[in-house]
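A short write-up of the structure that comes next.
None of the figures in this text is laboratory data; all of them are computed from the coordinates on show. This one's a predicted model, so the numbers in the text were calculated from it and none came from an experiment. For neighbour counting, all protein chains shown are included, and Cβ atoms are generated from backbone atoms with ideal geometry for every residue, glycine included.
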Amino acid sequence: MTTPKERPATLGELKKSGYENNSLRQELRRNLVHEMEHKEELFPGIIGYEDTVIPQMENAILSGQDDVIPIIRGNEVNDHPLWPHPPHQPWHLLHE
């Protein structure tokens, strides 16, 4: 993970950094793997589900089964800094 000082401050710096856009599913998986490798607490603040829900969430995230995680299913948030417009949005409507 990068600290705020290491993060690119401009779009030009972001392009030069080799930034690759990842889906929400990919980000969740990468972050979970990182936390597991570094033995960090995986879901801080969630109490009482250590033996039931949390293992199922881990398996779902690691295997890409996002349909069991409501916040991910059908997520169409487009926060790609190099292509900020939704791919299904007609261009003529974006510039009116």
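With Cβ to Cβ distances under 12 Å as the rule, what net charge do the other residues near Glu35 carry (K, R +1; D, E -1)? List each step's numbers first, then the result.
Working: positive: Arg29, Arg30, Lys39; negative: Glu37, Glu40, Glu41, Glu58.
Surrounding charge for Glu35 is -1.
FRET efficiency for Glu20 and Val53, Cβ-Cβ distance as r, R0 = 41 Å, nearest 0.05?
0.85
May I ask you to derive the FRET efficiency for Thr10 and Lys39 from their Cβ-Cβ distance with R0 = 35 Å, giving the value to the nearest 0.05?
0.50
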